[in-house]
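Colleague: To start, I am sharing the structure in question, which I have written as structure tokens.
The values are calculated or read from the model by the stated rules, or taken from the named source; none is laboratory data. Just so it is clear, the model here is predicted, and its values are computed rather than measured. A quick note on method: Cβ atoms are made from the backbone with ideal geometry, for glycine too, and the neighbour counts reach across all protein chains shown. To get the accessible areas, we keep the full protein, side chains included, count just its heavy atoms, and leave off ligands, DNA and RNA. Shrake-Rupley method; radii C 1.70, N 1.55, O 1.52, S 1.80 Å.
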Amino acid sequence: MKPATAEAAPTTASASRPTCFCAYLALLPAEPTRTTEQLEDACKAVLSSSEPPIAISQTRTAQLSHPSLPGPLDYLELTLRAELPAGTTDREAGTVFDSLCTRMNGHDAGVIGNAELIHHLPSPMPLLSSELPQIDLEHPDALNVAVELFERFGLVVVKHALDRTCFEDLRVAVTARFGQCLRALRAQEKAGRGTQFQEIMQRDQLRFDCRLASSGNELWSRIARDGPWVEAARDLLGGDCKLHGCGVVTSLPGCGEQYWHSDGQHQGEVAGWEAIQAPSETAAGPHAICVFLPLVDLTHTNGYTEFWAGTHHFDGLLAKKGVQSLPGGTHAVCEMGDALMYDFRTVHRGMPNRSSTERPIMYALFGHEAWVERRNWGPSSVFDGVGRLEFECDHEQSSFG
């Protein structure tokens, strides 16, 4: 056994090392005719005299729609990297960025109409294109392209992954299973036994997650196991790929907007400040992948899932709980027959269902053989004490053990 040694005091270099913060800003033009290139140039002019140094990390063009505008207005979103004095607090960093926005607003009234600090963190924030990464299965190199897009964005949509007619029977089977479990859940709620069980749980108000029994012969198991996404998942997971189960997330009419979240924690290396342009070169690959199979066409009325692309490479992005103004913007508006694959680490949220019908999305979970999903399912069956025959359910206790 090595003898105990006193902990080394921090060196002068490490004690004085700057604290890096990332800021997410929105720059609106003073006039609709101003371009995002002009906005970026004006921003750079202000940053050129910044002390301590602040530099642009990434930019992208976004659009603002408002009834008072004649049409969509292009504006600039950008992330900044600031090297602030060692020990700078979050509040102090926010003051620095707010002051910077004030300087931008006063720099050239003819270019920048409004510069606003949206969010800031002591970690890099990716700002990739908000365009939905997708590839049609009929593309001659579809699966390789899907893998490349997934590695960069943390998600990809495989268009026309299955014929829509395959989904008709699947939707009937899955929604019947969900209906059985939901009726049992309502009975448990009425009896005061909560909303978290082995088979089903309430994620948010009017949003439910229901596990689908997986003995291997069910329609959903066969489709999940044999779909064209399996080859891409196997490639992304380095050959260590297992189907861990299936389920369905159902958002009922009136369901609201979810908080931003990721389905799992990071495992292995994460990308740092210097890897913002090529994070996949340093960050660990995926250990779990979710495949969404919409059982209805997703629209802006019945809702969809919004993603913050590129977040699968970075940790610490959700350090401020409950913040909704994050640089997401990737709207996964898919059709029934499409397959949406996303990394378990990618930050996302479910959007509201403003329609009069439910929004069921089946999912299949793939991961390394040794991976264990650790979401907060309840320990008991939703059918315990409420009469299984009443719900005509083929539930087996061992299916979820």
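Colleague: Cα axis of helix 164-190 to longest principal axis of the chain: angle in degrees, 0 to 90, nearest 10?
Modeller: Long axis of 164-190 versus the principal axis of the chain: about 90 degrees.
Colleague: Report, to one decimal in Å, the Kirkwood hydrodynamic radius for the range 262-334 based on all distinct Cα pairs.
Modeller: It works out to 14.3 Å.
Colleague: Here's a follow-up. Using only Cα atoms, tell me the angle between helix 90-107 and the longest principal axis of the chain; keep it within 0 to 90° and round to the nearest 10.
Modeller: On a 0 to 90 degree scale, this one is about 60.
Colleague: What are the trypsin sites (Lys or Arg not before Pro) within the range 249-358 that DSSP puts in a loop, where the Cβ has at most 10 other Cβ atoms within 10 Å?
Modeller: K321
Colleague: When the accessible area of the range 78-188 is split by element with a 1.4 Å probe, what percent falls to carbon and sulfur?
Modeller: 50 percent
Colleague: With every protein chain kept in place and ligands, DNA and RNA left out, what is the accessible area per residue of the chain? Probe 1.4 Å, answer in Å².
Modeller: 48 Å²
Colleague: Whole-Hz Karplus ³J(HN,Hα) for the range 63-71, in order, using 6.51 cos²θ - 1.76 cosθ + 1.60 and θ = phi - 60°, x for Gly and Pro?
Modeller: 10, 10, 10, 8, x, 7, 9, x, x
Colleague: Moving on. Ordering K190, K242 from largest to smallest accessible area (1.4 angstrom probe), what's the sequence?
Modeller: Solvent-accessible surface, decreasing: K190, K242.
Colleague: Show me, for the range 299-314, the HN-Hα J-couplings you get by feeding each phi into the Karplus relation (A = 6.51, B = -1.76, C = 1.60, θ = phi - 60°), rounded to Hz, glycine and proline as x.
Modeller: 9, 6, 8, 7, x, 6, 10, 9, 10, 9, 5, x, 6, 5, 9, 10
Colleague: I'd like the distance between the alpha-carbon centres of the range 137-177 and the range 249-275, rounded to an integer number of Å.
Modeller: 20 Å
Colleague: Determine ³J(HN,Hα), in whole Hz, for all residues of the range 142-159 in sequence, where each value follows from phi through the Karplus function 6.51 cos²θ - 1.76 cosθ + 1.60 and θ = phi - 60°; x replaces Gly and Pro.
Modeller: 4, 5, 5, 5, 4, 5, 5, 5, 4, 4, 7, 9, x, 6, 7, 9, 9, 6
Colleague: Given the range 93-240, what percent of its DSSP beta bridges are antiparallel, to the nearest 5?
Modeller: Close to 60 percent.
Colleague: Here's a follow-up. P(r) for the chain, please, calculated from all Cα pair distances in 10 Å bins and given in %.
Modeller: Binned Cα distances yield the sequence 4, 20, 27, 23, 15, 9, 2, 0.
Colleague: Would you mind checking the radius of gyration and Dmax of the range 177-218 based on alpha-carbon positions, in Å?
Modeller: Values for the range 177-218 (Cα only, Rg and Dmax): 10.9, 35 Å.
Colleague: Using a 10 Å Cβ count of at most 15 others and DSSP loop calls, identify the longest part of the chain lacking such GluC sites (Glu not before Pro).
Modeller: By the stated rule (loop sites, at most 15 other Cβ atoms within 10 Å), 8-130.
Colleague: Continuing with this model, one more query. Mind computing the radius of gyration and Dmax over the alpha-carbon atoms of the range 107-146? Å is fine for both.
Modeller: 18.9, 51
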